[in-house]
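Participant: The structure's right below; bear with me while I get my questions together.
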Amino acid sequence: LYALAQGRKGYLWQALRGRDDCGATRAMLDDLRRQADFLRPYELIERALTRHDGRRRLLARLGDEAEDGMDALLAQALAHERMDVPSLTGFLTWLETEEVIVKRQLDTAEARIRVMTVHGAKGLEAPVVILPDTGDRSPRDRGIVDAADGAAIWKPPAPESPELARGRREAAGERAAAEDARLLYVAMTRAQSWLIVAAAGKTEDPACWYNRIRDGLEHAGAERCDFGFGASGWHYAEGAWPEPVHPDAAAAGADDLPGWAEAPAPPAEAPPAPRSPSDLGGPKALPGEGSGDEEAALRRGRQLHLLLEHLPGWPEESWPDRARDLLGASPDPVDTAEAEDLLAEARGVITAPDLAFLFAPDALTEIDVTAPLGDRRMLGTVDRLIIAPERVLAVDYKSNRVVPDTPGDVPEGLLRQMGAYAHALGQVFPGRRVETALLWTRAARLMPLPGALVDRALAGGLP
């Protein structure tokens, strides 16, 4: 960053774009900027840490200590989501305006040294605490204006201060001294067993921490001590240093337990996994579909579902950009040609006049449905759900290459899936007529399915 920023003319972005050796950095930042409007703050940070290898590279550069900072930032992003609608702008504003305190926890004994401020150490303890710099300090009041009873006054040098300014300066000094005493108390009481106090530079001020602690030690009966590495000072001890307890010694003193107390608990009986409507058996494609790459077909179906779920909520002129962002952020990325083909198919479905009611604002999208089905529960997701006072319509997208001519030609596996949806929705919406339909995306054609047909197919797929 220094090599990029030092000596540049103009903005940092301009310097970055002008470098030929920063292509990977530009690609990463461009990707994060494109996703900033769509991903939650947690997802955006995790994307930088995981997809763009940020976590590994930060740990390699800064060491294991950096793990705490990354995890704390992710935790703050999740905390923000619980209080407000998650957005990057809102998260950054919250961090800047609120008093967000992140405290490192020392609840486990680890073989490491932690460097902390006194403020950050409040409420924490450690076996050994070192105060490395307790010598003279001369804090400077850099302010040049002070407020007195609502009026701003100039702060001249102390010898030249008028009475009002002198009084306020003395009051501020008293408050600073009181806060300094409170911090000294906090610093000294962080140690569980051993407190080491050192000073660098001068120790002429009687009020510096080093002298105040030394005076207290002398009063308590401390002894002069040569520490053996060219340093001498005062030493005070009370009691004995705690010895580590060996596991065998602790076990030897334990009471004998009955046999049942040491026997492992019986394994808990796990409930049966829910049944998926798409796993009820039967073919899901017509014979003319061919025996191509099944995984590629499933991947294409997931991509189309993604576009049909999100694009109806955006103006049509923005669909190319939205499709690129959606497909680029999905687990199934595509190249430009494939993205254009998917967008063309989704556009044909969304803009079809006879299908407009499916993409109206009151239509529900990607609705999870669960209900008892046979000897187990069913758990599935309905692509589009239309709820009216007298009926419920469940629609599922199908991207098969070969589209059947009539409901009777629909593959048995698809009929069983829709029968399972009808069975579940009938329990969720008692008293309403439940209808199902398949939306063939290649033909932009909605095919209603007779209730008797899907019920019969479902009965054939249950044990």
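The values are calculated or read from the model by the stated rules, or taken from the named source; none is laboratory data. No experiment lies behind these values; they were computed from the predicted model shown. When we count neighbours, we look across all protein chains shown, and the Cβ atoms used for this are built from the backbone with ideal geometry, even at glycine. Ligands, DNA and RNA are excluded from the accessible area calculation, which covers all protein heavy atoms including side chains. Shrake-Rupley method; radii C 1.70, N 1.55, O 1.52, S 1.80 Å.
Participant: Compute the angle between helix 209-220 and the longest alpha-carbon principal axis of the chain, please, reported from 0 to 90 degrees and rounded to the nearest 10.
Facilitator: 60
Participant: Now, a different point. What 222 nm value per residue comes from the helices of the chain, counting each DSSP H run with n ≥ 4 as -39,500 (n - 2.57) and dividing by all residues, nearest 500 deg cm²/dmol?
Facilitator: Working: 16 runs with 185 residues, N = 463.
Value at 222 nm, helices only, nearest 500: -12500 deg cm²/dmol.
Participant: Points 7 angstrom from Cα along the Cβ direction at Arg82 and Glu390: gap in nanometres?
Facilitator: My value for the distance between the label points is 4.8 nm.
Participant: Taking a 1.4 Å probe, which of Lys202, Lys9, Lys284 shows the most accessible area, and what order do the others take after it?
Facilitator: Output order, biggest surface exposure first: Lys9, Lys202, Lys284.
Participant: Under 16 Å from a point 7 Å along the Cα-to-Cβ line of Glu238: which residues of segment 211-230 have their amide N that close?
Facilitator: Hits in segment 211-230 for Glu238 at 16 Å: 213-223.
Participant: So, one more: What FRET efficiency, computed as 1/(1 + (r/R0)^6) with R0 = 56 Å and r the Cβ-Cβ distance, is obtained for Ala207 and Ser318, rounded to the nearest 0.05?
Facilitator: Plugging the Cβ-Cβ distance into 1/(1 + (r/R0)^6) gives 0.30.
Participant: So, in the chain, how many Lys pairs have Cα atoms under 29 Å apart, if the pair is 8 or more places apart or on different chains?
Facilitator: Lysine pairs meeting both conditions in the chain amount to 4.
Participant: In nm, to one decimal, how far is the modelled label at Glu295 from the one at Glu269, with both set 7 Å along Cα→Cβ?
Facilitator: 3.8
Participant: Related question: Name the long-range amide H neighbours of Val118: under 5 Å, sequence gap of 5 or more, or other chain; modelled H, no Pro or chain starts.
Facilitator: The list, which skips near neighbours in sequence, is empty: none.
Participant: Please work out the Cα center distance from segment 1-62 to segment 302-343, rounded to the nearest Å.
Facilitator: Distance between centres, Cα-based: 24 Å.
Participant: With θ set to phi - 60°, apply the Karplus curve 6.51 cos²θ - 1.76 cosθ + 1.60 along segment 276-287 and write out the HN-Hα couplings as whole Hz, x wherever there is a Gly or Pro.
Facilitator: Per residue, the Karplus-derived 3J(HN,Hα) values read 8, x, 8, 10, 9, x, x, x, 10, 9, 6, x Hz.
Participant: Something else: Could you point to the label whose value was computed as P(r) over Cα pairs in 10 Å bins from 0, in percent for the structure here, given [x] 4, 14, 20, 24, 21, 11, 5, 2, 0; [y] 3, 12, 15, 16, 15, 12, 11, 9, 5, 1, 0; [z] 4, 18, 30, 29, 15, 3, 0, 0?
Facilitator: Read-out taken from this structure: [y].
Participant: Set the Förster distance to 22 Å, then compute FRET efficiency between Glu309 and Asp375 from the Cβ-Cβ distance, nearest 0.05.
Facilitator: Working: r = 32 Å, r/R0 = 1.47.
So the FRET efficiency works out to roughly 0.10.
Participant: Here is a further query. Determine the order of Ser138, Ser276, Ser161 by accessible area, beginning with the largest, at a probe radius of 1.4 Å. Mind dumping the intermediate values first?
Facilitator: Values: Ser138 100, Ser276 35, Ser161 5 Å².
The ordering from most to least exposed comes out as Ser138, Ser276, Ser161.
Participant: Could you tally the net charge around Ile367, taking each other residue with its Cβ under 9 Å from the Cβ of Ile367, Lys/Arg +1 and Asp/Glu -1?
Facilitator: Combined, the nearby Lys, Arg, Asp and Glu give -2.
Participant: I've got another one for you. Taking R0 as 51 Å, what's the FRET efficiency between Glu338 and Glu99 from their Cβ-Cβ distance, rounded to 0.05? Please list the in-between numbers first.
Facilitator: Details: r = 49 Å, r/R0 = 0.96.
Efficiency computed from Cβ-Cβ geometry: 0.55.
Participant: Here's a follow-up. Could you work out how much longer the chain between Ala36 and Arg432 gets when fully extended? Use 0.36 nm per residue separation minus the Cα distance between them, nm to one decimal.
Facilitator: In short, 138.3 nm is gained.
Participant: A follow-up question, please. Under 11 Å from the 7 Å Cα→Cβ point of Arg442, by amide nitrogen: which residues of segment 373-414?
Facilitator: Once the point is set 7 Å along Cα→Cβ of Arg442, 399-404 turn out to lie under 11 Å by backbone N, inside segment 373-414.
Participant: What accessible area per residue, rounded to a whole number of Å², is obtained for segment 415-463 using a probe radius of 1.4 Å?
Facilitator: On the way: 2120 Å² over 49 residues.
I get 43 Å² per residue for this part.
Participant: How much length, in nm to one decimal, is gained on full extension between Cys22 and Leu217, taken as 0.36 nm per residue of separation minus their Cα-Cα distance? Walk me through the numbers on the way to the answer.
Facilitator: Values: separation 195, 0.36 × 195 = 70.20 nm, distance 5.85 nm.
Between Cys22 and Leu217, full extension yields 64.3 nm more.
Participant: Would you work out what percent of the accessible area of the chain, with all protein chains in place, is carbon or sulfur (probe 1.4 Å)?
Facilitator: 55
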